[in-house]
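This report refers to the structure that appears directly beneath it.
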């Protein structure tokens, strides 16, 4: 159990590092690319897609990133536990607690089946801020570590289902990044609401082939909801301290 907890927290720390890279890459794309609608849908083990910025949301749709389901940004630990237990019909004892030693945040994790219908079991992690001790981030991940029955095809289907949903959900058009290649995967979606709260979806894996025709073999899907992606409530060494 201690080993599993250590591995879980290691995955969460890596997920945080991944999101920093996602945010930087997507900001660069936004700065360099004019808004454009749509892009090709990459199938499993497909060629690396070209990035596009902007999307056409469903009529009258306006995204509002409040958290994940009943767990809302700004909730204290007890409220987050109660919300998670309600959302997934689990015992509060099934929610594990750990610490991110680098960011000095508390992480509540649980395993849930069919977070996405027929999508396999996922790990859901709720991150409580360093100073506020309130909910600042939710991570949802699908991989062999969360469900050994997940295949690359199923992971890609999960990611594309979510991508299609987010593209029509009414995120601010000038914040949307769609199908942006990363070093170890594809940023399928990144967007923010009018308050700057951010959603990002990453299909991660390994690439094969040359620069002209790279193909991705997916190993995991990571979905992030962040209250403040640019200035998260995490520990940072202050300038001049060392």
Per the list (1) surrounded by 14 or more Cβ atoms within 10 Å (Cβ to Cβ); (2) closer than 28 Å to residue 106 by Cα, residue check on residue 176 breaks on (2)
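Rundown of residues vs (1) touching a helix residue (DSSP H, G or I) at 6+ places or on another chain (Cβ under 6 Å); (2) modelled with pLDDT under 95, yes/no style:
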{"residue": "175", "(1), (2)": "no, no"}
{"residue": "181", "(1), (2)": "no, yes"}
{"residue": "184", "(1), (2)": "no, yes"}
{"residue": "192", "(1), (2)": "yes, no"}
{"residue": "195", "(1), (2)": "no, no"}
{"residue": "201", "(1), (2)": "yes, no"}
{"residue": "207", "(1), (2)": "no, yes"}
{"residue": "213", "(1), (2)": "no, yes"}
Taking the range 59-103 and keeping residues within 20 Å of the chain's Cα centre (by Cα) and on the phi > 0 side of the Ramachandran plot leaves 67, 69, 74
Reported set for the range 70-88 where residues are touching a helix residue (DSSP H, G or I) at 6+ places or on another chain (Cβ under 9 Å), under 24 Å from residue 193 (Cα atoms) and either free of Cβ contacts under 8 Å to residues at least 40 places away in the same chain or not in a loop (DSSP other than H, G, I, E, B) (or both) is 70, 71, 72, 84
- For residue 31, indicate whether it is modelled with pLDDT under 95 and in a helix (DSSP H, G or I). yes
When the range 231-242 is checked residue by residue, the ones that are touching a residue at least 24 places away in the same chain (Cβ under 8 Å) and farther than 15 Å from residue 73 by Cβ are 235
Over the range 144-187, the set of residues on the phi > 0 side of the Ramachandran plot and in a strand (DSSP E or B) is 179, 185
Going through the range 97-121 in order, the residues found to be farther than 16 Å from residue 137 by Cα and outside any loop (DSSP other than H, G, I, E, B) are 111, 112
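The values are calculated or read from the model by the stated rules, or taken from the named source; none is laboratory data. Everything numeric in this text was worked out from a predicted model, so none of it was measured. Backbone-built Cβ (ideal geometry, glycine too); neighbour counts: all protein chains shown.
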